[in-house]
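Colleague: Below is a structure I'd like to ask you about.
The values are calculated or read from the model by the stated rules, or taken from the named source; none is laboratory data. Nothing here was measured: the structure is a model prediction, and the numbers come from that model. Cβ: placed from backbone, ideal geometry, glycine included. Neighbour counts: every protein chain shown.
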Amino acid sequence: MDSAYGNSFKPDTVPHPGETVIEYLDFYGWSQRDLARRTGLTPKTISEICNAKAPITPPTALALERALQRPAHLWLNLQLHFDEAEARRRELAKSPQWNEWARSFPINEMKRLKFSLPRAG
């Protein structure tokens, strides 16, 4: 229905599904190690998911389903929404409008004033 009116909701940021895993850990009072034991996944895998450094794959979703009593499709949908939002973010960064806006910066003046930007990462 929203698409008929052109009002579909596209959030600027979507949390990584690892944030939801952390919420469940807090709810159950479990550590990441506890979850690793209950899922059969390595502590490193759980840590990487919780720190948004690894995706939730179908086998991981099934393991989380068994341990956290939430369906695998929930975990996969969270991952899908996160991946879509990240793809949109990357696409926007390459968009011509962004480049046009960036070209409006007074680079020569900034260099003359020895303006520096913080380094990423």
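Colleague: Among (1) more than 18 Å from Gly18 (Cβ to Cβ); (2) of a type outside the set (A, V, I, L, M); (3) in a loop (DSSP other than H, G, I, E, B), there is one condition Arg70 misses while meeting the rest; what is its number?
Modeller: (1)
Colleague: Next up: Which of the residues belonging to the range 48-66 are in contact with a Gly (Cβ under 9 Å, 6 or more places away or on another chain) and over 13 Å from His16 (Cα atoms)?
Modeller: Scanning the range 48-66 gives Ala63, Arg66.
Colleague: If Pro55 satisfies every condition in (1) in a loop (DSSP other than H, G, I, E, B); (2) of a type outside the set (Asp, Glu); (3) at pLDDT 85 or above; (4) loosely packed, with under 14 Cβ neighbours inside 10 Å but one, which is the exception?
Modeller: The failed condition is (4).
Colleague: Take the range 87-108 and flag every residue that is part of a loop (DSSP other than H, G, I, E, B) and of a type in the set (S, T, N, Q).
Modeller: Ser95, Ser104
Colleague: I've got another one for you. Scanning the range 19-41 for residues that are under 21 Å from the mean Cα position of the chain (by Cα) and of a type in the set (Val, Ile, Thr), which turns out surrounded by the most Cβ atoms within 10 Å (Cβ to Cβ)?
Modeller: Only one residue fits best here, namely Val21.
Colleague: Which condition from (1) out of contact with any His (no Cβ under 9 Å at 6 or more places or on another chain); (2) modelled with pLDDT of 85 or more; (3) part of a helix (DSSP H, G or I) is the one that Ala61 breaks?
Modeller: That leaves (1) as the condition not met.
Colleague: When you look at Ala72, is it surrounded by 14 or more Cβ atoms within 10 Å (Cβ to Cβ) and not basic (Lys, Arg), yes or no?
Modeller: It is true that Ala72 is surrounded by 14 or more Cβ atoms within 10 Å (Cβ to Cβ) and not basic (Lys, Arg).
Colleague: Do we find that Glu84 is in a helix (DSSP H, G or I), within 30 Å of Tyr28 (Cβ to Cβ) and in contact (Cβ under 8 Å) with a residue 40 or more places away in the chain in this structure?
Modeller: When the stated conditions are applied, Glu84 passes them.
Colleague: Still on this structure, I have one more. Take the range 82-119 and flag every residue that is among the aliphatic types (A, V, I, L, M) and surrounded by 10 or more Cβ atoms within 10 Å (Cβ to Cβ).
Modeller: Ala85, Ala87, Leu92, Ile107, Met110
Colleague: Among the numbered criteria (1) in contact (Cβ under 8 Å) with a residue 24 or more places away in the chain; (2) small (Gly, Ala, Ser); (3) part of a helix (DSSP H, G or I), which single criterion is violated by Ser47?
Modeller: For Ser47, the failing item is (1).
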